[in-house]
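What follows is a set of notes on a single structure, which appears directly below.
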Amino acid sequence: MTRARCVRGAVAAGLAVAVLAWAVPGAAQAADASLVFRVVELLRDEHVARPDPVQLYRAALGGVREALQRAGVTAPLADLFARDEEHAREQFQARFDQAVRLAAGRVTERELQFAAARAAAASLRDSHTGFITPERLAEIRRQQQNEAAFTGIGILLLSKDGKFYARLVFSGSPAQRAGLQPFDRILAIDGVSTEGMTTEQVSSRIRGPQGTTVTLTVRRATQPTPVVVSIVREPIVVPSVEWSVLDGQVGYLRLGQFNQGASARVARAVGELQQQGIRGLVLDLRGNPGGFVSELNRVAEVFLPRGLVVYTMESRDEGRRAYLTRTVPLLDPSVPVVVLVDDDTASAAELLSAALRDHGRAPLVGLRTAGAVLVSVTFPLPGAAGLSVAIARMLTPRGEELEGRGLVPDAEVDLTSADLDRGFDSQLARGREELARIARQGSVWR
């Protein structure tokens, strides 16, 4: 989750964003470890857990060793024996100088910097602290500002049991125009089978330069033989909000992320759905990674009455502060709501789900959520990289801490590969059943 502290900037998938200035240490070194020093300083000064900088330097050295080993460099680097930060920094610099000399021609100084920074951040083992490469940081910034984040075809990829599916096909995307359909299983990309590939490998093969063509071979539930679809790649804006009216006057609203302006789009969607006379609403938060905490606040007010706690934030400097809704809800309280969640529902999406559940507004249907619920700030680093730092913990209205635990749905339903192969959304179907049950009771869920 991302919070604005000084100037709104980019954020890792999470709850809150801020950009602060950085300063490179002045002394020239045989090898440039300034990025690593800055990472340690930021983690020491900002992270909610107040980590020991000596341990951070030891973790960073471990990252350097791993990078050398991957490149086949076997010469050992001595451990850090320092007990205070100043000596740990000096010893790390000496080991880093040695690593750069050993790695000449096989690992660049920049790669060693990134490896050390990544390992230091990862040593804190939380969902919202991590090193961000320049390329990924630029993509995050574009996506959070609702701009084209990458060049591809416009689908949400889903991996299940070693199979790959188009979980969603974005409206107006090249994929939709070419005829790709939700739940199409991707068998091959440009003639190369996806069997044995990782999600990252499939994604990277589907993406590519603007104007180029990718050919997908897919299996579709309604077709007896595989279908071949050729798609011209374009810059893709990931839609944060999509809505429609399903059979039985059931409203469907998918909130894909809490990026800039998402709350206004949710308000518009709810307004239009109510004008069409919906009798219930399915709020789909599956795959939602989070986003700006300010957008979470506004979205909660679409559904909940004034004066209710949405979450409580606990930081190292400010203690605990609760955020309460401040307006009357836009959605009529008589309209029942069901929320769909899965193991990729994270951060702000988890907090919204918890608030709707805790205040008796909606049951949760699907799978246990990601358990990635912290407030983070993204700091710029030398070389256009970034560092996401968890600066606060978040508690649900009931006082639960979800980090590492997640939310257990009221109705646990898996979307299996068998469901996907037959084009059946079992979670959505159960959500509609829950709406019908609530309607039979004649009141909102309690």
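The values are calculated or read from the model by the stated rules, or taken from the named source; none is laboratory data. Note that the structure is predicted; figures quoted are calculated from it, not measured. Positions of Cβ are generated from backbone atoms using ideal geometry, with glycine treated the same way; all protein chains shown enter the neighbour counts.
Somewhere in region 295-315, is a residue closer than 21 Å to ARG268 by Cβ, assigned to a loop (DSSP other than H, G, I, E, B) and in contact with a His (Cβ under 7 Å, 6 or more places away or on another chain)?
Looking through region 295-315, at least one residue is closer than 21 Å to ARG268 by Cβ, assigned to a loop (DSSP other than H, G, I, E, B) and in contact with a His (Cβ under 7 Å, 6 or more places away or on another chain).
Select, from ALA82, ALA78, ALA59, the only residue that is of a type outside the set (D, E, K, R) and closer than 30 Å to MET313 by Cα.
ALA59
Looking only at region 388-424, count how many residues are free of Cβ contacts under 8 Å to residues at least 12 places away in the same chain and within 23 Å of the chain's Cα centre (by Cα).
0
For residues that are touching a helix residue (DSSP H, G or I) at 6+ places or on another chain (Cβ under 6 Å) and surrounded by fewer than 17 Cβ atoms within 10 Å (Cβ to Cβ), tally how many sit in region 127-149.
1
If I ask for residues that are in contact with an Asp or Glu (Cβ under 9 Å, 6 or more places away or on another chain), assigned to a strand (DSSP E or B) and more than 30 Å from ARG268 (Cβ to Cβ), which ones from region 218-235 would you list?
VAL218, ARG219, VAL227, VAL229, listed by residue number.
Does any residue of region 176-191 turn out to be surrounded by 15 or more Cβ atoms within 10 Å (Cβ to Cβ), at pLDDT 95 or above, closer than 30 Å to GLY386 by Cα and charged (D, E, K, R)?
no
Within region 387-446, restricting attention to residues that are of a type in the set (Lys, Arg) and either crowded, with 18+ Cβ neighbours inside 10 Å or in contact with a strand residue (DSSP E or B) (Cβ under 6 Å, 6 or more places away or on another chain) (or both), which residue is nearest to LEU35 (Cα to Cα)?
So the residue we want is ARG393.
Residue pairs, Cβ under 8 Å, 6 or more apart or interchain, first in region 288-316 and free of Cβ contacts under 8 Å to residues at least 24 places away in the same chain, second among the β-branched types (Val, Ile, Thr). List them.
Cβ pairs passing all conditions: ARG306/THR325; ARG306/THR327; ARG306/VAL328; GLY307/THR325.
Just to be sure before I move on: is THR151 at pLDDT below 95, β-branched (Val, Ile, Thr) and either outside the structural domain of GLY290 (by TED's automatic domain parsing) or more than 17 Å from LEU387 (Cβ to Cβ) (or both) in the structure I sent?
Criteria met by THR151.
Taking the stated definitions as given, is VAL238 assigned to a strand (DSSP E or B), β-branched (Val, Ile, Thr) and surrounded by 14 or more Cβ atoms within 10 Å (Cβ to Cβ)?
no
If you take the residues of region 254-282 that are without any contact (Cβ under 8 Å) to a residue 40 or more places away in the chain and within 22 Å of GLN441 (Cβ to Cβ), which of them is surrounded by the fewest Cβ atoms within 10 Å (Cβ to Cβ)?
Ranking the qualifying residues of region 254-282, first place goes to GLY277.
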